[in-house]
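Enquirer: I'd like to ask some things about the structure below.
The values are calculated or read from the model by the stated rules, or taken from the named source; none is laboratory data. Just so we're clear, the structure is a prediction, and the values are computed from it rather than from any experiment. Because the Cβ atoms are built from the backbone with ideal geometry, glycine has one as well, and the counts that use them run over all protein chains shown.
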Amino acid sequence: MQLTHYITPTEIVVPLKETTKEGVYKELVSHLASEHHLKDKEKLVRAILEREESASTFLPMGIAIPHARIPEVDDILVVMGVTPHDIKDTAKDSAPLTANVFCMFFSPTEDKEFGRHLKLLARIAAVFSDTKLVPELSKLSSAEEVFERIQIREREMSEE
Amino acid sequence: MNDQMAPYRDRTTAVVITTAMLTFISFWRAAAVVLCDISSTAYYVCGIAEQAIGKAAPWFIALVMVIAYALRTVYIESCAMFVRAGVYRVVKEAMGGTMAKLSVSALIFDYVLTGPISAVCAGTYLMGFINDILSLLGFGAWAIPPTSGSVVFAIIVTLYFWRKNVIGIEESSGKALRIMSVTAAMVAILLLWSAVSLILDPKPLPPITPVVTPEAWGWLNGIPWLKTIGIVGILIAIGHSILAMSGEETLAQVYREIAKPKLLNMKRAAFIMFVFSFMFTAVVSLLAVMIIPDDVRANFYDNMIAGLVMYLQGPLILRLIFQGVVVLVGAAILSGAVNTAIIGSNSVLCRVAEDGVLAGWFRQPHKRYGTTYRIVTMIAAVQILTIVLSWGNIYLLGEAYAFGVIWSFTTQTLAVFILRFKDKTPREYKVPLNIKLFGIEIPVGIGVVFLALFFIAVANVLTKTVATKWGSAFTLAFFAILVLSELHNKHIRKVQADKHEKVNLRFEGELTPERCGCKKKNCVLVAVRDPLSLYHLKVTLGRVDPRTTDVIVLTIERMPIVSLPGGEGKVEELPHDDQLLLTNVVALAEKHGTHVIPLVVPAKDATFAMAKVAFELGASEIVVGKSEQVAPEVQLERLAIAWGYLAAETGRRITVRIAWPKHELKYELS
């Protein structure tokens with residue numbers, strides 16, 4: 001599984017306008033909804049926040065992977081956002097982590113799709129296990145550059 | 001952007017829990033350990049029984065072997081109920097602490113004498129053989145005084161097995177298996193050679209009616225009319241042959257160490273024990289009485305099998321060589337019985353100590369070997385004292401020894417009978433012969449075994465005067481010690497019994513399969529946290545094949561672990577909750593007979609630590625229970641992220657299972 005099979009430059013927002021976690025989630029949902037003609041944006045944001053409430057998806061590598069399983073989608077839909085600002089995780093009980101890269105996705109609720117859902121999570125974590133990647137991406141100014149850098153990283157991984 | 005990854009780059013440190021109690025043995029090894037106890041009696045039981053009841057002794061020894069097999073079914077039922085199902089636990093459950101302490105005291109009397117009688121008997125065989133050889137070579141004047149020689153030999157053997165038991169049971173059970181393999185070969189040759197001898201020179205079967213000597217009537221000598229009742233004579237005859245039946249308690253103690261599938265393996269071990277002990281103890285005794293001429297047999301009462309060999313058909317040189325084999329095997333198997341006595345008494349006293357009756361000091365594991373060396377040392381010391389005080393008198397030791405055997409078996413059987421009514425939980429195994437009357441199940445089988453044992457025990461009390469005097473005195477004295485010790489414990493500690501598993505800790509600065517003790521092809525990591533929620537561990541232990549898979553039981557400790565001086569320490573250095581968790585983990589591992597390697601890893605992020613340990617140990621599977629905080633799907637997501645991060649450069653895959661009652665989620669992560 002490759003992360004770049006699930007995104008194109010049009011699904012990458014660089015730089016993010018919002019500077020709070022909730023603001024970023026709304027911005028990304030809005031972008032994804034317009035790209036994929038999804039109707040109920042409020043419901044999508046609610047699904048993401050509910051999932052975040054049960055356990056934060058901020059990771060120490062400087063990324064967050066907000067995600068949710070919803071019946072409105074038939075396939076996994078990914079949207080990515082990059083910002084030079086450190087966005088703080090506001091969840092209570094969570095470690096004080098910050099993120100510069102947001103890799104949001106929605107996946108179908110069917111049980112048979114959950115395996116792919118988990119593999120995508122693992123793949124995102126694997127791509128960003130290179131700790132140089134987030135600082136590099138946060139300095140980039142276009143979606144194409146971000147997409148290309150992730151492609152390079154995935155190519156390196158498959159060569160290894 | 002600060003370095004948020006810094007804590008995740010730390011080396012994984014761990015505390016490895018090491019304990020001999022987590023090692024499991026095959027049913028062959030289990031049978032061998034117990035057979036060293038049971039079969040060793042073949043070397044002296046016939047001589048002692050014939051002195052009391054005449055030539056009919058082998059028939060009664062055979063009957064005792066059958067009773068022993070029936071009793072074994074009672075032990076199987078109790079072991080299936082409680083993994084640590086010795087007399088103490090079962091009697092306590094059924095009849096309370098006082099009866100349990102009395103039963104244990106009688107049993108310890110048995111163990112204290114099993115070692116000395118076996119060791120002295122081995123010495124007697126060996127001294128006899130050495131003196132025969134010296135005499136044959138013309139050095140008769142150099143003959144070793146048999147009694148002193150056997151006493152010295154007995155002390156050396158006891159000290160040897162004391163040392164072996166301090167090192168650990170795994171090595172000891174291996175030795176028992178080797179001893180029994182050689183013994184089996186010797187018995188096969190002996191039976192075959194005896195059969196050929198009987199074909200060449202047929203002899204009549206011994207009479208079946210016992211001729212009880214006046215001494216063997218004991219205190220019943222004063223009641224002449226009793227001698228006219230046949231059943232009384234039969235009970236007394238069985239009573240004088242009962243020392244052929246020991247080792248059942250050892251089987252119960254060894255049960256906790258029998259490998260998976262536990263109950264089936266116990267039944268296998270029990271059957272092997274029956275076949276072997278019947279052929280060796282009963283059939284060889286019968287052959288000895290048939291083949292050794294009546295007028296010389298009394299000379300061989302202390303070494304009957306050696307005598308049997310000397311009266312087989314064939315050249316003298318062959319008989320002498322085989323006598324040498326018999327003596328060497330005898331020395332080994334009787335020495336093995338010394339080992340079994342130490343193992344058995346150690347296990348029994350461990351249970352008593354766990355219950356707060358004996359001070360926790362006794363259960364403190366050896367710093368290096370993890371064994372309860374203080375109990376082992378205490379038992380060995382009492383055995384050596386017994387050897388010295390009795391000065392190698394086999395008849396005296398044998399007569400006294402049966403007291404503990406019969407009373408502990410009787411109380412155990414009564415306890416299992418009572419538990420049928422008191423504890424209605426479904427049994428994995430039941431002694432056969434159960435009849436339903438008006439909706440109530442009557443355990444006829446256990447009842448018959450109990451009555452048989454009870455009447456034999458009463459007959460023994462009335463006829464074995466030496467055994468009754470010494471046995472009662474020892475039992476009451478030991479009982480008093482246990483009661484006083486328990487009172488003292490309660491007084492000084494004012495706490496509940498210390499039932500936590502006593503184990504050793506070893507600090508590892510770096511985690512590798514070798515340092516954790518992983519030896520199998522596969523490795524499954526089971527993460528545990530709540531001592532009362534171990535369903536997922538139970539399911540895993542029931543599923544994995546311990547021959548091919550190591551089971552790592554991982555606990556994540558959020559608090560930093562106090563550094564252990566010299567890299568080693570005791571269980572008390574773990575937080576109290578972890579001690580309870582570990583105790584329950586060990587109990588489950590014992591129940592399934594599956595070896596586990598408990599690890600405690602300090603970490604702030606439990607999910608990441610779990611994945612990291614699995615990665616570093618090359619585990620093929622992670623098993624976790626259902627979290628109370630988050631949904632199982634979220635648990636899986638967290639693990640997927642952690643695994644993805646760790647395995648990014650290797651592409652390694654792992655299976656993750658989340659198991660809780662009636663549910664299981666299973667996914668492969670890569």
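Enquirer: Give me a count of the residues in the stretch B:139-175 that are within 26 Å of B:V388 (Cβ to Cβ) and either of a type in the set (S, T, N, Q) or at pLDDT below 85 (or both).
Expert: Looking only at that region, the number is 8.
Here is a yes/no grid of residues against (1) surrounded by fewer than 24 Cβ atoms within 10 Å (Cβ to Cβ); (2) within 25 Å of the chain's Cα centre (by Cα); (3) modelled with pLDDT under 85; (4) not in a helix (DSSP H, G or I):
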{"residue": "B:D3", "(1), (2), (3), (4)": "yes, no, yes, yes"}
{"residue": "B:L35", "(1), (2), (3), (4)": "no, yes, no, no"}
{"residue": "B:Q51", "(1), (2), (3), (4)": "yes, no, no, no"}
{"residue": "B:P58", "(1), (2), (3), (4)": "no, no, no, no"}
{"residue": "B:A70", "(1), (2), (3), (4)": "yes, yes, no, no"}
{"residue": "B:T73", "(1), (2), (3), (4)": "yes, yes, no, no"}
{"residue": "B:A80", "(1), (2), (3), (4)": "yes, yes, no, no"}
{"residue": "B:M99", "(1), (2), (3), (4)": "yes, yes, no, no"}
{"residue": "B:T114", "(1), (2), (3), (4)": "no, yes, no, no"}
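Enquirer: May I ask you to list the residues in the stretch A:47-64 that are more than 7 Å from every other protein chain (Cβ to nearest Cβ) and within 21 Å of B:L646 (Cα to Cα)?
Expert: If the condition is that a residue be more than 7 Å from every other protein chain (Cβ to nearest Cβ) and within 21 Å of B:L646 (Cα to Cα), then A:S56, A:T57, A:F58, A:I63, A:A64 are the ones that fit.
Enquirer: Name the residue, out of B:I394, B:I375, B:I384, that is among the β-branched types (V, I, T) and modelled with pLDDT of 90 or more.
Expert: One residue alone meets the criteria, B:I384.
Enquirer: Looking only at helices (runs of 4 or more DSSP H) that fall completely inside the stretch B:163-257, which ones have 2 or more residues that are under 26 Å from B:I333 (Cα atoms)?
Expert: Where helices (runs of 4 or more DSSP H) fall fully within the stretch B:163-257 and carry at least 2 residues being under 26 Å from B:I333 (Cα atoms), they are B:169-200, B:230-241, B:248-255.
Enquirer: Check off (1) among the hydrophobic types (A, V, I, L, M, F, W, C); (2) surrounded by 22 or more Cβ atoms within 10 Å (Cβ to Cβ); (3) closer than 26 Å to A:G23 by Cβ; (4) within 10 Å of chain B (Cβ to nearest Cβ) for A:I87 and give me the number that stays unchecked.
Expert: (4)
Enquirer: Related question: All but one of (1) within 14 Å of chain B (Cβ to nearest Cβ); (2) within 23 Å of B:Y645 (Cα to Cα); (3) of a type in the set (V, I, T) hold for A:V79; state the number of the condition that does not hold.
Expert: (1)
Enquirer: Now for a separate question. Tell me which of these B:I231 doesn't satisfy, since it passes every other one: (1) more than 26 Å from B:A282 (Cβ to Cβ); (2) without any contact (Cβ under 8 Å) to a residue 12 or more places away in the chain.
Expert: Of everything listed in (1) more than 26 Å from B:A282 (Cβ to Cβ); (2) without any contact (Cβ under 8 Å) to a residue 12 or more places away in the chain, B:I231 misses just condition (1).
Enquirer: Quick one: is A:F147 under 20 Å from A:H5 (Cβ atoms), buried (at least 18 other Cβ atoms within 10 Å of the Cβ) and more than 11 Å from chain B (Cβ to nearest Cβ)?
Expert: yes
Enquirer: Given the criterion in contact (Cβ under 8 Å) with a residue 60 or more places away in the chain, surrounded by fewer than 24 Cβ atoms within 10 Å (Cβ to Cβ) and among the aromatic types (F, W, Y), identify the matching residue among B:F161, B:F139, B:F129. Full working, then the answer.
Expert: On the way: B:F161 fails: surrounded by fewer than 24 Cβ atoms within 10 Å (Cβ to Cβ); B:F139 fails: in contact (Cβ under 8 Å) with a residue 60 or more places away in the chain.
Within the list B:F161, B:F139, B:F129, the selection yields B:F129.
Enquirer: Okay, next question. Could you list all residues from the stretch A:1-22 that are surrounded by fewer than 13 Cβ atoms within 10 Å (Cβ to Cβ), polar (S, T, N, Q) and in a helix (DSSP H, G or I)?
Expert: Residue satisfying the conditions is A:T10 alone.
Enquirer: Considering only strands (runs of 3 or more DSSP E) fully contained in the stretch A:51-160, which possess at least 1 residues that are among the basic types (K, R), in contact with a helix residue (DSSP H, G or I) (Cβ under 7 Å, 6 or more places away or on another chain) and free of Cβ contacts under 8 Å to residues at least 60 places away in the same chain?
Expert: A:67-69
Enquirer: With a cut-off of at least 2 residues that are at pLDDT below 90, name the strands (runs of 3 or more DSSP E) lying wholly within the stretch B:436-528.
Expert: Those strands (runs of 3 or more DSSP E) span B:504-508.
Enquirer: Report yes if B:L334 is part of a helix (DSSP H, G or I) and within 17 Å of B:E249 (Cα to Cα), otherwise no. Steps first, please.
Expert: Details: part of a helix (DSSP H, G or I): yes; within 17 Å of B:E249 (Cα to Cα): no.
No: the conditions fail for B:L334.
Enquirer: For the stretch B:116-150, name all the residues that are in a helix (DSSP H, G or I) and among the β-branched types (V, I, T). Give the derivation first.
Expert: First, pick out the residues of the stretch B:116-150 that are in a helix (DSSP H, G or I): B:116-136, B:140-142, B:146-150.
Once the filter is applied, which keeps residues that are in a helix (DSSP H, G or I) and among the β-branched types (V, I, T), the stretch B:116-150 yields B:I117, B:V120, B:T124, B:I130, B:I133, B:T147.
Enquirer: Also: Would you call B:I305 of a type in the set (A, V, I, L, M), closer than 29 Å to B:N165 by Cβ, at pLDDT below 85 and crowded, with 22+ Cβ neighbours inside 10 Å?
Expert: The answer is no for B:I305.
Enquirer: What single numbered condition from (1) in contact with a strand residue (DSSP E or B) (Cβ under 7 Å, 6 or more places away or on another chain); (2) surrounded by fewer than 13 Cβ atoms within 10 Å (Cβ to Cβ); (3) of a type in the set (G, A, S) fails to hold for B:G230?
Expert: Single failed check for B:G230: (1).
Enquirer: Could you pull out the residue among A:M61, A:M104 that is modelled with pLDDT under 95 and of a type outside the set (S, T, Y)?
Expert: Result: A:M61 is the single residue among A:M61, A:M104 that is modelled with pLDDT under 95 and of a type outside the set (S, T, Y).
Enquirer: Can you find, within the stretch B:258-295, the residue that is nearest to B:S26 (Cα to Cα) among those that are at pLDDT 95 or above and not in a helix (DSSP H, G or I)?
Expert: Checking each candidate, the answer is B:I292.
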